[in-house]
Structures are given as structure tokens and as C-alpha cells.
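K.L.:
Sending over a structure as C-alpha cells; questions will come in a sec.
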Amino acid sequence: MALKDDPARLLADSYPLRFGTRVLYSDMDAFRHLNNGATGRYLEEGRADLNIRVFGVECMIDPPGGLQLLFATVTVDFVRQAHYPGDVEICTGVLKVGGSSYVLAQAAFQKGECFALAEAVMVKAIDGRPTRLSDAERAAIEGLLLRKA
């Protein structure tokens, strides 16, 4: 099943976390389309925002005691083109939570239309080995579950 086959994934209101940013001139390709690499950077910023909310800013800047948030997999589906100039909104939520991992759902919108969808698996690790999410981390992650349409 393609990411776009779930109607809730195409609605910004399904996602608990959202941020907007301006498309930069350097994000444009020769056809005035938003470059796919730039879309990846925007999605990365959405993942960082969620991880900071759950684990704290220190985990992203100077992780304590060997803590790592490993980026295990990512799938990005480009649904339509986005353009320069303009603004984009990046939306992020959680699909499911495991023992040491969690799956993120993301969408990118321009002028209210979804142009990209992503799923990413994140793994909490210490010194490269998966480690269980604490009860507080699990509660914070579960509080960011994707809303159903």
C-alpha cells in the first residue's frame, strides 16, 4: 500500500506537530520546482522537532552517555510538485511505538495541498545498541500519535 492510499495521511490536521517555512531560492531546480533534496531537509527538520520534544534538545546537540537516535529507514513518496517562490508546511506524527523504536509519519504541504509523504523508523540506542524507551519517553511519543480522519 502506498503512503498516499491512507486518506488521513493527506490531511494536515491529522498530524500533531506542524511548522512552516519559506522555500529558499537555493531549494529550486531549473524548472522552479522544489528540489527533492530540499524536501528531505524539511522532513529532517520535522523529525528533529519531534525528537527534541521527546528527548530534549541536548540529545540532538550533545547527547549524554552514548545516547543515539538512529535513523533506521525512510521512505519518501513525492505526490506532486511544489514550487518556488512559496511556503511549505511540514507535519509530523507517530504511527506506532515499539520497545526501542518508533515509526514517524510525515507530510509536506504547499498551498494546502500535500506534495510529499514520508515514513521513518527511529531507534533509541546507547553506544550503537538498541535500548528500551523509558516510560516517560513512551508516554511523550504516544502523545504524538497520528490522528485518524
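K.L.:
Condition (residue is surrounded by 13 or more Cβ atoms within 10 Å (Cβ to Cβ), in contact (Cβ under 8 Å) with a residue 24 or more places away in the chain and under 20 Å from Ala2 (Cβ atoms)) applied to region 52-73: is it met by at least one residue?
P.N.:
no
K.L.:
Inside region 69-86, can you point out the residues that are within 13 Å of the chain's Cα centre (by Cα) and of a type in the set (Phe, Trp, Tyr)?
P.N.:
Listed by number, the list holds a single entry, Phe71.
K.L.:
In region 60-85, what residues are among the polar types (S, T, N, Q) and more than 17 Å from Gln106 (Cα to Cα)? Please lay out each step first, then the result.
P.N.:
Residues of region 60-85 that are among the polar types (S, T, N, Q), as a first pass: 68, 73, 75, 81.
The one that is among the polar types (S, T, N, Q) and more than 17 Å from Gln106 (Cα to Cα): Gln68.
K.L.:
Considering region 33-67 alone, what residues qualify as being touching a strand residue (DSSP E or B) at 6+ places or on another chain (Cβ under 9 Å) and of a type in the set (A, V, I, L, M, F, W, C)?
P.N.:
The answer is Leu34, Ala38, Leu43, Leu50, Val54, Phe55, Cys59, Met60, Leu67.
K.L.:
Among Ala136, Ala140, which is modelled with pLDDT of 95 or more, assigned to a helix (DSSP H, G or I), more than 15 Å from the chain's Cα centre (by Cα) and surrounded by 12 or more Cβ atoms within 10 Å (Cβ to Cβ)? Lay out the reasoning, then the answer.
P.N.:
Details: Ala136 fails: surrounded by 12 or more Cβ atoms within 10 Å (Cβ to Cβ).
Sole residue among the options that is modelled with pLDDT of 95 or more, assigned to a helix (DSSP H, G or I), more than 15 Å from the chain's Cα centre (by Cα) and surrounded by 12 or more Cβ atoms within 10 Å (Cβ to Cβ): Ala140.
K.L.:
Scan region 3-40 residue by residue and report those that are free of Cβ contacts under 8 Å to residues at least 24 places away in the same chain, in a helix (DSSP H, G or I) and surrounded by 15 or more Cβ atoms within 10 Å (Cβ to Cβ).
P.N.:
Answer for region 3-40, where residues must be free of Cβ contacts under 8 Å to residues at least 24 places away in the same chain, in a helix (DSSP H, G or I) and surrounded by 15 or more Cβ atoms within 10 Å (Cβ to Cβ): just Ala38.
The values are calculated or read from the model by the stated rules, or taken from the named source; none is laboratory data. Computed from a prediction, not measured in an experiment: that's the story for all the values here. Glycine gets a Cβ as well: all are built from the backbone with ideal geometry, and neighbour counts include every protein chain shown.
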